[in-house]
Amino acid sequence: MTKTQAALFLAFVRRKLCTTEILHDIVESWRKAYSTPTDRKIISVMIYSIRKRLKGRYVIQTVPGHGYSCRTMTAAGRPSICLAASGSRLMMLR
């Protein structure tokens, strides 16, 4: 996972819902100051690649009109518990 993808995933961990604007701001903050701004469509491309890497462990759900949310998968293959971040550690909330 790239640093930018990891930063996006951490945003999912810290929030219940991430808007496209929040995620785009994160992507822009990881870019160099002199580089050209990215299009917001880059978020869907990055979400696709994060989903691919985390397949089977986490589900990133699209919330139409709002953004994205992330959940872990149960043994039965269903989304179950939310994630929260505490400092540098990931914690699961039931």
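Quick notes on this one:
- Listed by first and then second residue, the pairs with beta-carbon distance under 7 Å, at least 6 apart or on different chains, first residue in region 42-66 and over 14 Å from Glu21 (Cα atoms) and free of Cβ contacts under 8 Å to residues at least 60 places away in the same chain, second in a loop (DSSP other than H, G, I, E, B) and of a type outside the set (D, E, K, R), are Arg53/Met1.
- Meets criteria (in contact with a Phe, Trp or Tyr (Cβ under 7 Å, 6 or more places away or on another chain) and farther than 14 Å from Leu8 by Cα) for Thr38: no
- Set side by side, the residues Ser49, Ser69, Ser29 differ, and just one is at pLDDT 85 or above and in contact with a strand residue (DSSP E or B) (Cβ under 6 Å, 6 or more places away or on another chain), which is Ser69.
- Residue count, region 1-32 (criterion: hydrophobic (A, V, I, L, M, F, W, C) and in contact with a Lys or Arg (Cβ under 8 Å, 6 or more places away or on another chain)): 3
This table checks each residue for (1) loosely packed, with under 12 Cβ neighbours inside 10 Å; (2) within 11 Å of the chain's Cα centre (by Cα).
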{"site": "Lys3", "(1), (2)": "yes, no"}
{"site": "Phe9", "(1), (2)": "no, yes"}
{"site": "Glu21", "(1), (2)": "yes, no"}
{"site": "Arg31", "(1), (2)": "no, no"}
{"site": "Ser44", "(1), (2)": "no, yes"}
{"site": "Lys55", "(1), (2)": "yes, no"}
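- Residue match in region 37-54 (condition: in a loop (DSSP other than H, G, I, E, B), of a type in the set (Lys, Arg) and under 16 Å from Met1 (Cβ atoms)): no
The values are calculated or read from the model by the stated rules, or taken from the named source; none is laboratory data. Computed from a predicted structure; not experimentally measured. So basically every Cβ, Gly included, is an ideal-geometry build from the backbone, and we count neighbours across all protein chains shown.
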